[in-house]
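Everything on this sheet refers to the single structure shown next.
Since every read-out is calculated from the coordinates, none of them should be taken as a lab result. In this text, all values refer to a predicted model and were calculated from it rather than measured experimentally. Heads up, the Cβs are rebuilt from the backbone with ideal geometry, glycines too, and the neighbour counts pull from every protein chain shown.
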Amino acid sequence: MGLRYKSHPWHGIEIGAGAPRVVTCFIEMVPTDTVKYEIDKDSGYLKIDRPQKFSNVIPALYGFIPQTYCSAHVAELSCNALGRSDIIGDSDPLDICILTEKTISHGDILVEARPIGGFRMIDGNQADDKIIAIMNNDAVYMHFNDISHCPDLVVERLKHYFLTYKDMPGETKRQSQITHVYNREEALLVIERARKDYQIKFHSLETMFSHE
């Protein structure tokens with residue numbers, strides 16, 4: 001059947017045998033995009049979410065890690081880090097931002113990436129973590145083993161994008177904040193938590209596929 005039908009990027013793509021240290025990612029957006037694309041969860045196709053309010057663009061590849069889900073186990077990390085009890089997951093796959101020296105002209109592709117850190121981002125009361133990674137074996141970034149190895153300017157550009165990309169004309173500014181920049185080990189833990197949340201949420205889906 002796989003020869004006739006496209007696999008759903010969220011549910012039908014494997015995260016990779018080397019996960020969480022090397023993960024297969026689905027790319028929704030690239031730096032040349034001037035509108036925000038995101039996956040349609042029902043069909044698995046990319047859709048236009050909204051035009052960007054300002055001229056800023058994502059300074060790296062942006063997408064999500066298949067077969068992950070941000071719910072209770074991911075939210076627990078933010079609750080513990082911030083001393084709060086009201087944070088919940090955003091009920092989306094785990095976002096990932098991938099640094100590379102290559103110019104990638106379009107999304108809707110798979111990329112192998114190596115996580116090096118992440119942003120603990122809170123949107124209202126929802127955990128909206130952003131994993132920061134490098135394209136596996138990238139010629140320029142391949143020696144970065146932790147986000148602390150990234151130039152400060154790169155990290156600040158990523159922060160600025162994520163704190164502004166949801167702004168829309170005429171709307172009240174969203175209450176998003178990045179509370180922490182965390183290291184590689186924390187990023188790997190977040191990915192494992194997101195995999196566990198996925199297994200709980202979509203247990204029936206995995207059971208159905210295992211009996212095909």
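Given the peptides 102-111, 191-200, arrange them by the average over their residues of other C-beta atoms within 10 Å, most packed first.
So the peptides 102-111, 191-200, ranked by packing, come out 191-200, 102-111.
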Taking H placed 1.01 Å from N in the peptide plane, check which residues at least 5 places from Glu112 or on another chain put their amide H under 5 Å from its amide H.
Cys25, Asn136
Once amide H atoms are built 1.01 Å from N in the peptide plane, which residues 5 or more positions from Gly16, or in another chain, come under 5 Å H to H?
Thr24
Estimated Rh, the chain: Kirkwood, alpha-carbon pairs, angstrom:
17.5
Say the cut-off is 23 Å between C-alpha atoms; which of Lys41/Lys196; Lys102/Lys166; Lys36/Lys130; Lys41/Lys201 go over it?
Lys102/Lys166
The answer for GluC sites (Glu not before Pro) in region 106-172 that fall in a DSSP coil and have at most 16 neighbouring Cβ atoms within 10 Å is Glu171
Footprinting exposure proxy for Arg84, Arg120 (fewest neighbouring C-beta atoms within 10 Å first)
Arg84, Arg120
Mind ordering 58-64, 145-151 by average Cβ neighbours within 10 Å, highest first?
58-64, 145-151
Here the gain from full extension of Thr32 to Lys201, 0.36 nm per residue of separation minus their alpha-carbon distance, amounts to 57.4 nm
